[in-house]
1. Could you tell me which residue out of TYR286, GLY298, THR75 lies farthest along the dipole of the chain toward its positive end? Charges go on the beta carbon: Lys and Arg +1, Asp and Glu -1, centred on the Cα centre.
2. Add +1 for every Lys or Arg and -1 for every Asp or Glu among the other residues with Cβ under 9 Å from the Cβ of ASP203, and state the total.
3. Only four residue types carry charge here, +1 at the Cβ of Lys and Arg and -1 at the Cβ of Asp and Glu. Report the dipole size of region 211-329 about the Cα centre in Debye, rounded to the nearest 20.
4. If you place +1 on the Cβ of every Lys and Arg, -1 on the Cβ of every Asp and Glu, and leave all else neutral, what size is the dipole of the chain about its Cα centre, to the nearest 20 Debye?
5. Quick check: the angle from helix 25-36's long axis to the longest principal axis of the chain, C-alpha only, nearest 10 degrees?
6. For the Cα atoms of the chain, what angle does the longest principal axis make with the long axis of helix 39-55, in degrees from 0 to 90, nearest 10?
7. Please give the helix 211-225 orientation as an angle from the longest Cα principal axis of the chain, in degrees from 0 to 90, rounded to the nearest 10.
8. Can you tell me the relative contact order of region 211-329? Whole percent, Cα pairs under 8 Å, sequence separation 6 or more.
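Please treat every number below as a calculation from the coordinates, not as lab data. Predicted, not measured: the structure shown is a model, and the values here were computed from it. Reconstructed Cβ throughout: ideal geometry from the backbone, glycine too, with neighbour counts over all protein chains shown.
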Amino acid sequence: MAQDLIAQARAGDEEAFRALTEPHRHELQVHCYRMLGSVHDAEDVLQESLLAAWRGLSAYEERASIRTWLYRICTNRCLNALRSAKRRPATSWDVTAFEPPEPSRYGEVPWLEPLPDTLLDGAVDVPPGPEASYEQHESISLAFVTALQLLPPRQTAVLVLRDVLGFRATEVATMLDTTVESVTSALKRARAGLATRRPSRADPPPAAGSEAEQALLERFVAAYEASDVDELVALLSDDVFMSMPPMPQEYVGREAVARFLRLAVLGRTFALKPTRANGQPAFGLYVQLPDGSRHGSGLIAVESAGERIAALIRFGPEVLADFGLPEVWHS
């Protein structure tokens, strides 16, 4: 069947080409997202890659599967994008409601965007190769994707291809037009770099949809909507982390995050609309105005560890549409 489709596609049959590539589309989009950290950049690179595959199908020698060949094209297009991209710069504070407290530090990944869980369908359920060392849902978390952005591009590519997707070293060497020794060296450096940048959590998060997760989220929503900052702070872990891409301010530790929440939440009325991003719970944030209307002010993703909230990542209102959330919420 695949041979027939390849022959038909080479003869100019676009439907045959779609039949070859469509089964891999979601996982390729997630692959591009892991490497680029941006949903919109990933979609652009995926479209470029599929166009390149269509135009270059005559050069496909069939020594690797169509899936592996597409990964090669996407990976190299991502590397080109990373080398040439003028990544989105950090944005100065533009929320007029309050002046933020002094941050703990300034972030290095202002282009980070959340990935709607709807785009994970058929992408993270694909069995990884035998050499993969990361659980698929862990490898799409915001913490993991953020850490990848801080590695040199080639190290990012090697780590994702080897440790996340489980391709063999020989396959990765072919994809990147390099040697197995070079791949092995890059992977060693990437693992060391990732270990210094990913937060270590003593307690795993509760299972998605579990009673423990639901109980924690219900407390979080109730406290946020009631502007009960003391209750919000009580839910935080000691080493909680908060960031707000594309704004660079980051807050580390319960005391620092508490100072931010007191300024951001007190005196305002919010309504939270549930969704999921990067395999994690998330909420559309809506501010209620005096006339009773609710206007989207952003999206907040929640990472938990045990019975506490370990990270809050807040994005601007421009991402709401990606999650099918309205600008104005009429309840």
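1. The one lying farthest along the dipole's positive direction is THR75.
2. Result for the local shell: +1.
3. Details: 10 positive and 17 negative charges, 51 e Å.
For this selection, approximately 240 debye.
4. Numbers: 33 positive and 45 negative charges, 220 e Å.
Computed charge dipole of the chain: roughly 1060 debye.
5. It works out to around 60 degrees.
6. Relative to the chain, helix 39-55 is tipped by roughly 10 degrees.
7. Value to nearest ten degrees: 50.
8. Computed over region 211-329, the figure is 23 percent.
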